[in-house]
1. If we keep just the residues of the range 247-275 that are charged (D, E, K, R) and not in a loop (DSSP other than H, G, I, E, B), which is surrounded by the most Cβ atoms within 10 Å (Cβ to Cβ)?
2. Could you please give the count of residues in the range 34-81 that are assigned to a loop (DSSP other than H, G, I, E, B), buried (at least 19 other Cβ atoms within 10 Å of the Cβ) and small (Gly, Ala, Ser)?
3. Out of all the residues in the range 201-222, is one or more hydroxyl-bearing (Ser, Thr, Tyr), more than 21 Å from residue 148 (Cβ to Cβ), at pLDDT 95 or above and over 23 Å from the mean Cα position of the chain (by Cα)?
4. Just to check your reading of the model, which residue among 28, 48, 92 is free of Cβ contacts under 8 Å to residues at least 60 places away in the same chain and under 24 Å from residue 185 (Cα atoms)?
5. For residue 184, work out the one condition from (1) open to solvent by 10 Å² or more (accessible area, probe 1.4 Å); (2) closer than 29 Å to residue 36 by Cβ it doesn't fulfil.
6. Got at least one residue in the range 361-369 being within 30 Å of residue 82 (Cβ to Cβ), open to solvent by 10 Å² or more (accessible area, probe 1.4 Å) and of a type in the set (D, E, K, R)?
7. Being open to solvent by 50 Å² or more (accessible area, probe 1.4 Å) and either among the β-branched types (Val, Ile, Thr) or on the phi > 0 side of the Ramachandran plot (or both) is the filter here; which residues of the range 2-17 pass it?
8. Quickly run through the range 125-158 and pick out the residues that are charged (D, E, K, R), free of Cβ contacts under 8 Å to residues at least 24 places away in the same chain and in a loop (DSSP other than H, G, I, E, B).
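The values are calculated or read from the model by the stated rules, or taken from the named source; none is laboratory data. No experiment lies behind these values; they were computed from the predicted model shown. Reconstructed Cβ throughout: ideal geometry from the backbone, glycine too, with neighbour counts over all protein chains shown. The accessibility values were calculated without ligands, DNA or RNA, using every heavy atom of the protein model including side chains. Shrake-Rupley method; radii C 1.70, N 1.55, O 1.52, S 1.80 Å.
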Amino acid sequence: MIQNRKTVSVNGRTYAWPQAPLVVICCDGSEPAYMETARAQGMMPHLDRMIAKGENRRGLSAMPSFTNPNNLSIVTGRPPAVHGICGNYLIDPETGREVMMNDPKWLRAPTIFAAFQKEGAKVGVITAKDKLRLLLGKGLAFDGSAVCFSSEKADKATLPENGIEDACRLVGLPVPEVYSAELSEFVFASGVALLKTMKPDLMYLSTTDYIQHKYAPGVSKANDFYAMIDRYLGELDAEGATIVIVADHGMKDKHLSNGEPDVVFLQDVLDQAYGPGKTKVILPITDPYVVHHGALGSFATVYLYGPEPKAVAGLIASEPGIDVVLDRKEGSARFELPEDRMGDLIVVSGGESHSKVIGTSRDKHDLSGLTEPLRSHGGLSEQEIPIIVNRKTQGLGSDLRNFDAFAIGCNHIAARQEQAA
């Protein structure tokens, strides 16, 4: 599969130079049921044709099943223990302050893009939200061989910062609203345009999960969204690209039968047991886009300032809907996380119905933006993701991860198709 081809090694993995332009798509929040339901209802004919000549597999995301850790896992080919991005939000171990993890300084590993560009590849990276752009673009030289921008700030793109000036002109579309399906459509439209003009060797398209947070699989607006994706998949496929589709995480209903969020407000529980200031619950799902989820997800890390870890773990485990409570060392090993960036305890929720999410204190969450019953992610039940390839593969194992995407596209395309490419 790699014989007689130039290779690039990064983060302990070796990638063969792609035989055709390689497009890896991270369809945010896209649990397999979305595409399968849309396909069953005849909404994705191009995807059907891609699968008929390729693969439709399943894999697992990295943990926590949130956006930033998984996008960076996909583009580095490694889990958070290697690249260091363990959430959208953390307590800075050096300062003790709660901060976002958007700054590239938090990234501990080079991206596959940067490694390939150094060997002469042309690279295109397009993401829906600007929170990911700096992380995804770390290490890229905008010298004419790389483009990296977000839909959210496409009109502010510049040659020195993004490798392209005013990306809106690329597709002739205005900047979409951040809370919209159009934000993701802009990603696909830009990807098609870039593939036709720049002809990158590697391209990464990362969408937003606005639709998935609002609508379950099979709902008309969800189907419309996937029908839109399908049109662009057809265009990318027609250009001869090798396409690998994955997701950063799945999505599940996180509400009670009356529509109210199914939440354990863990900081309130711990404050009642140990008093204020003795514990600190951090929710790594926290980001600037709280309308999606109200900062409620199924993964938390807890810092302890005095209380004994085993006692606190036992108390948390007794709460309904808590799946896992582990100390820092055990949790980091099980979930492949950077131990120095985690709290004393790691907590995962879900329960039998997979519906339980974790909050801090009840009065700290603004849920006014939730116009539909809560759907969210972060736990084990949101780890299953699709892995779809528009080419036959060979040599793939059974335990696939979303961060195998570039290895699949570079190393595992069936040899007979490589010869025909």
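1. 252
2. Our first condition is that a residue be assigned to a loop (DSSP other than H, G, I, E, B); within the range 34-81, this holds for 41-44, 53-54, 61-66, 77-79.
In the following step, the residues that additionally are buried (at least 19 other Cβ atoms within 10 Å of the Cβ) were identified as 43-44, 54, 61-66, 77-79.
With small (Gly, Ala, Ser) added as a condition, the list becomes 54, 61-62, 65, 77.
Adding up the residues that qualify gives 5.
3. Yes.
4. Values: 28 fails: free of Cβ contacts under 8 Å to residues at least 60 places away in the same chain; 92 fails: under 24 Å from residue 185 (Cα atoms).
48 is the lone residue from the list that is free of Cβ contacts under 8 Å to residues at least 60 places away in the same chain and under 24 Å from residue 185 (Cα atoms).
5. (1)
6. Filtering the range 361-369 down to residues within 30 Å of residue 82 (Cβ to Cβ) leaves none.
Within the range 361-369 (the criterion being within 30 Å of residue 82 (Cβ to Cβ), open to solvent by 10 Å² or more (accessible area, probe 1.4 Å) and of a type in the set (D, E, K, R)), the answer is no, since none of the residues qualifies.
7. 2, 4, 7, 12, 14 - these are the residues of the range 2-17 that are open to solvent by 50 Å² or more (accessible area, probe 1.4 Å) and either among the β-branched types (Val, Ile, Thr) or on the phi > 0 side of the Ramachandran plot (or both).
8. 130, 143, 153
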